[in-house]
Amino acid sequence: MAVVLPLVIILLLSKATGHEVENSSKFPLVVSTWPFLEAVRAGWRAIDGGLSSIDAAVEGCSACELLRCDGTVGPGGSPDENSESTIDALIMNGATMEVGAVAAMRYVKDGIKAARLVMLYTEHTMLAGDQASTFAISMGLPGPSNLSSTESMEKWTKWRENQCQPNFRKNVLPTNTCGPYHLKTGLNVASKTCLVDDFCESIIMKSSHVDFHNHDTISMAIFDKSGHIAVGTSTNGASFKIPGRVGDGPIAGSSAYADDEVGACGATGDGDIMMRFLPCYQVVESMRLGMKPRLAAKDAISRIAKKYPNFVGAVFAVDKNGTHAGACYGWTFQYSVRSPSMDDVEVFTVYP
């Protein structure tokens, strides 16, 4: 029986464009957000050399952390309001559905390795903040370390000189140009609501300071030679975030998701918005119900764009047969792939 989509969904799908490629070769397979070529090569060497998909995802994401990809992965990037860099990371096993994650982790540079330690040596899914740092160091990771860099401090200094703009505050006023902040007099925040057809200014402007250079994530999916899947993510979050902020990077189903029975997804973009929709969980569940990766990716992005028309973000989708696709909204997206049929990493471009 044919499925008739409402006109608004059809229009949004036409805007959140996708791209799909059949992968007729055998596994292994590595797919990652953005042209993080060295990270994908590291993941490929690990999986092609016989490591598990989990270990290979750790190798790939670790390479990106070491290289400080785009200044938004690993230490030394994305300072918060206090000039400090923190780490969010996740690892997920698509065979067992186990997840290990760290959020707002301070003083430890190895985000993805810390996430794997949470998976291997605790019955928890996520550890956060100073306690995550203490755990990671107690399990053998180096630290405590200063995660700031010359570049991140220069970036923070320029931001301060610009009166701490842009920032993520709303409905408040600073005592001085950069705080401390206090509530606007007479503002009834509780009564300020947004209807579907009447977006508040705070929502319309939400993604105005999100772009490639200040807000990015590596999200990597790796299929081993038997088709077992792992996904990993790592990011130092949004530049000038409010201290303590956790983005979508360590949230299973938002930044990444995997199920051996179906496939995998990785995401990047405005994590504060994306984590409200769990786009990667949506992608995998749509594929479980029979959607092709291209349509599943476009549908997940369109659900977000319908409510947040200034949203910026993207996903890639890979089914259990290795067919991969991408969809984006608000920017041009690229994702990277390495398979046995390729001589090296190939980059696929998806247009908004």
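The values are calculated or read from the model by the stated rules, or taken from the named source; none is laboratory data. Note that the structure is predicted; figures quoted are calculated from it, not measured. Neighbour counts are summed over all protein chains in view; Cβ atoms, including those assigned to glycine, are modelled from backbone coordinates with ideal geometry. Areas reflect the complete protein model, heavy atoms only, side chains present, ligands, DNA and RNA absent. Shrake-Rupley method; radii C 1.70, N 1.55, O 1.52, S 1.80 Å.
Just the residues that are at pLDDT below 60 and among the acidic types (Asp, Glu), please, taken from segment 1-51.
22
Restricting attention to segment 172-185, report how many residues are of a type in the set (A, V, I, L, M) and open to solvent by 90 Å² or more (accessible area, probe 1.4 Å).
Going through segment 172-185, the residues of a type in the set (A, V, I, L, M) turn out to be 172-173, 183.
From the residues that got through so far, the ones that are open to solvent by 90 Å² or more (accessible area, probe 1.4 Å) too are 183.
Here the count works out to 1.
Within segment 292-315, is there a residue that is among the polar types (S, T, N, Q), open to solvent by less than 10 Å² (accessible area, probe 1.4 Å) and more than 21 Å from residue 40 (Cα to Cα)?
Among the residues of segment 292-315, at least one is among the polar types (S, T, N, Q), open to solvent by less than 10 Å² (accessible area, probe 1.4 Å) and more than 21 Å from residue 40 (Cα to Cα), which makes the answer yes.
For segment 149-176, what are the residues that are in a strand (DSSP E or B) and polar (S, T, N, Q)?
At the first step, the residues of segment 149-176 found to be in a strand (DSSP E or B) are 172-174.
The answer is none; no residue qualifies.
Out of all the residues in segment 247-280, which are within 19 Å of residue 323 (Cβ to Cβ), open to solvent by 10 Å² or more (accessible area, probe 1.4 Å) and either within 14 Å of the chain's Cα centre (by Cα) or without any contact (Cβ under 8 Å) to a residue 24 or more places away in the chain (or both)?
Result: 257, single match.
Out of 55, 80, 70, which single residue is surrounded by fewer than 24 Cβ atoms within 10 Å (Cβ to Cβ) and free of Cβ contacts under 8 Å to residues at least 40 places away in the same chain?
Values: 80 fails: free of Cβ contacts under 8 Å to residues at least 40 places away in the same chain; 70 fails: free of Cβ contacts under 8 Å to residues at least 40 places away in the same chain.
After applying the criteria, what remains is 55.
Filter segment 132-171 down to residues that are open to solvent by less than 30 Å² (accessible area, probe 1.4 Å) and touching a Leu at 6+ places or on another chain (Cβ under 8 Å), then give me how many there are.
2
Would you confirm, using the coordinates I've provided, whether residue 336 is closer than 23 Å to residue 40 by Cβ, of a type in the set (S, T, N, Q), out of contact with any Lys or Arg (no Cβ under 8 Å at 6 or more places or on another chain) and at pLDDT 95 or above? It would help to see each step written out before you state the result.
Details: closer than 23 Å to residue 40 by Cβ: yes; of a type in the set (S, T, N, Q): yes; out of contact with any Lys or Arg (no Cβ under 8 Å at 6 or more places or on another chain): yes; at pLDDT 95 or above: yes.
Yes, satisfied.
Six or more apart or on different chains, Cβ under 7 Å: which pairs go from a residue in segment 332-352 that's under 14 Å from residue 221 (Cβ atoms) and open to solvent by less than 60 Å² (accessible area, probe 1.4 Å) to one that's assigned to a loop (DSSP other than H, G, I, E, B) and at pLDDT below 95? Could you list them?
As it stands, the answer is 339/23; 339/25, since those pairs meet every condition given.
Farther than 26 Å from residue 65 by Cβ, outside any strand (DSSP E or B) and open to solvent by less than 10 Å² (accessible area, probe 1.4 Å), is that true of residue 238?
On the way: farther than 26 Å from residue 65 by Cβ: no; outside any strand (DSSP E or B): yes; open to solvent by less than 10 Å² (accessible area, probe 1.4 Å): yes.
Here the answer is no, as residue 238 does not meet what is asked.
Taking the condition of being closer than 13 Å to residue 221 by Cβ and polar (S, T, N, Q), how many residues in segment 290-331 meet it?
Looking only at that region, the number is 1.
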